[in-house]
1. Please identify the pairs in which a residue from the stretch 380-400 that is at pLDDT 95 or above and surrounded by 14 or more Cβ atoms within 10 Å (Cβ to Cβ) has its Cβ atom under 8 Å from the Cβ atom of a residue that is assigned to a helix (DSSP H, G or I) and of a type in the set (Phe, Trp, Tyr), counting only partners at least 6 apart or on another chain.
2. Could you grab me the full set of residues in the stretch 402-424 that are within 19 Å of Leu324 (Cα to Cα) and either among the aliphatic types (A, V, I, L, M) or outside the structural domain of Val374 (by TED's automatic domain parsing) (or both)?
3. Just give me the residues in the stretch 145-170 being of a type outside the set (A, V, I, L, M), crowded, with 16+ Cβ neighbours inside 10 Å and farther than 21 Å from Cys402 by Cα, in sequence order.
4. Residues Pro43, Pro39: which one is buried (at least 17 other Cβ atoms within 10 Å of the Cβ) and in contact (Cβ under 8 Å) with a residue 60 or more places away in the chain?
5. Tally up the residues in the stretch 202-227 that are more than 16 Å from Ile72 (Cα to Cα) and of a type in the set (Gly, Ala, Ser), please.
6. Residues of the stretch 310-352 being under 19 Å from Ala425 (Cβ atoms) and among the polar types (S, T, N, Q), which ones?
7. Any residue at all in the stretch 352-363 that is of a type in the set (Asp, Glu), touching a residue at least 60 places away in the same chain (Cβ under 8 Å) and either assigned by TED's automatic domain parsing to the domain that holds Lys154 or crowded, with 21+ Cβ neighbours inside 10 Å (or both)?
8. Does any residue of the stretch 132-147 turn out to be under 24 Å from the mean Cα position of the chain (by Cα) and without any contact (Cβ under 8 Å) to a residue 24 or more places away in the chain?
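The values are calculated or read from the model by the stated rules, or taken from the named source; none is laboratory data. All figures in this text were calculated on a predicted structure; none of them were measured in a lab. Backbone-built Cβ (ideal geometry, glycine too); neighbour counts: all protein chains shown.
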Amino acid sequence: MRAFARQMTERMKAVAAAGAVAAFWLAVWIFAASLVAQPLILPGPGAVALALLRLVCDGGTWAILAGSGARILGGLALAAVCGGVLAGISSRSRAFAHLVAPALSFVKATPVACVVVLLLIWLGSARVSIAAVFLMALPGVYFSLAEGLAQVNKTLEQMFRLHGVRGWRLFCAHTWREVLPFVLSCARAVIGMSWKAGVAAELIGMAVGTVGERIYQAKLLIETADLLAWTVLVVAASWACERVLVWLLRVSGPVAWRAAVRAHGHGLRGRAGAASDGAAAELALAVGDRAPWAPALDGLVLNVPVGGRICVMGASGMGKSTLLSLAAGECAPCSMVFQDVRLVEDVSALENVLVCADARVDASGAAALLRLLVPGVDLHARVAELLGGQRRRVEIARALLCPGGAVILDEPFTGLDVVARDATAEVVLDLLDGRTLLLATHDAADARALNISDIITL
């Protein structure tokens with residue numbers, strides 16, 4: 001109740017502050033209008049309000065505004081699609097990025113009036129607003145998405161791919177969530193600019209039945225109050241579009257994540273089926289010169305039979321994690337606990353487990369395992385709120401429920417005391433289900449806890 005009251009108080013303060021700002025500028029407007037004393041040059045708020053009321057009560061106004069808005073949003077949608085495609089190709093081809101970026105930078109720096117005049121020559125007035133909005137919005141969309149794709153967390157992406165989360169599920173679970181902040185920033189900048197470019201194109205092109213035409217007519221007739229009223233309508237429409245689209249974009253992140261979670265295991269065989277048809281094959285890895293930065297691995301050949309258990313031991317920096325990464329690449333999709341924490345921080349522990357889980361695992365099964373491994377954990381709390389040892393056991397739970405014929409653990413018991421380690425190891429052994437186990441550790445007690453006698457020392 002106190003939190004609700006505090007929240008309402010903050011909202012009332014924000015409303016009061018906004019009202020005070022509006023009152024200040026309204027007073028400035030009244031003072032300036034009285035000082036000029038020429039309604040044709042600067043009409044007062046009352047005259048503009050009457051003109052605005054007249055426009056609002058006219059059904060034709062809404063038809064004109066809707067028509068202009070549809071063309072502007074159409075050009076914006078086209079820019080979003082084309083910008084997304086170009087940014088996606090650029091993220092995979094540096095040559096393509098170097099080819100496209102200068103042209104879009106040139107378009108970005110070109111004045112709107114110059115673009116509109118050229119488009120009028122090429123296309124005529126009927127389609128000029130759509131084309132103008134498209135060209136003005138495209139550079140902003142492209143550069144924002146290209147920057148967002150460049151900043152995608154590659155380690156987390158590797159984790160998803162290794163666990164079989166690919167295609168549209170990878171996009172929903174990871175890529176879109178990573179890019180979304182850049183998209184939101186772009187939307188706030190591009191939407192308002194699109195309305196300005198669209199109306200300017202209509203005004204210069206004198207397109208019939210458009211907002212730009214009405215503004216031009218008001219200018220010819222020196223109906224300044226009507227001109228300002230149309231300006232208010234355009235600003236309001238632009239603001240409304242921005243708020244709605246930004247809200248939809250904000251909602252899209254959680255919606256995409258939930259879609260990826262609900263479709264966990266999509267396109268992958270379950271572990272039981274995989275084991276029966278030989279998917280859990282013997283692991284034979286010849287390292288050779290694939291890791292020149294790790295001399296200890298030079299010439300190493302790793303052979304792990306189906307259902308076998310091998311431990312790789314050595315001091316830090318000897319190449320244990322490198323060896324496990326190479327092994328994971330050979331048998332992907334597989335289950336892996338990385339040395340560094342790789343969890344989606346702003347979602348729950350249960351969802352972190354489910355998004356990578358085998359298709360045969362349901363929410364109740366994942367919840368039961370989490371309660372067993374992490375007693376007392378709030379399954380719906382954000383992972384970022386959990387302690388280090390709890391986070392580690394969430395990763396172990398995810399690995400045990402992932403599809404694949406191998407479980408790869410890289411220092412899995414970091415942050416756990418002896419009791420927690422032994423209890424966790426017991427659960428791991430119970431749920432191996434005939435899969436291959438590959439462990440990397442610097443502590444022989446970890447190998448003993450997992451009943452591993454075959455040890456490779458680096």
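1. none
2. Within the stretch 402-424, Ala406, Val407, Ile408, Leu409 qualify.
3. Gly148, the sole residue that qualifies.
4. Pro43
5. 2
6. Hits for the stretch 310-352 are Ser335, Gln339.
7. Yes, the stretch 352-363 has at least one match.
8. No; the residues of the stretch 132-147 include none that is under 24 Å from the mean Cα position of the chain (by Cα) and without any contact (Cβ under 8 Å) to a residue 24 or more places away in the chain.
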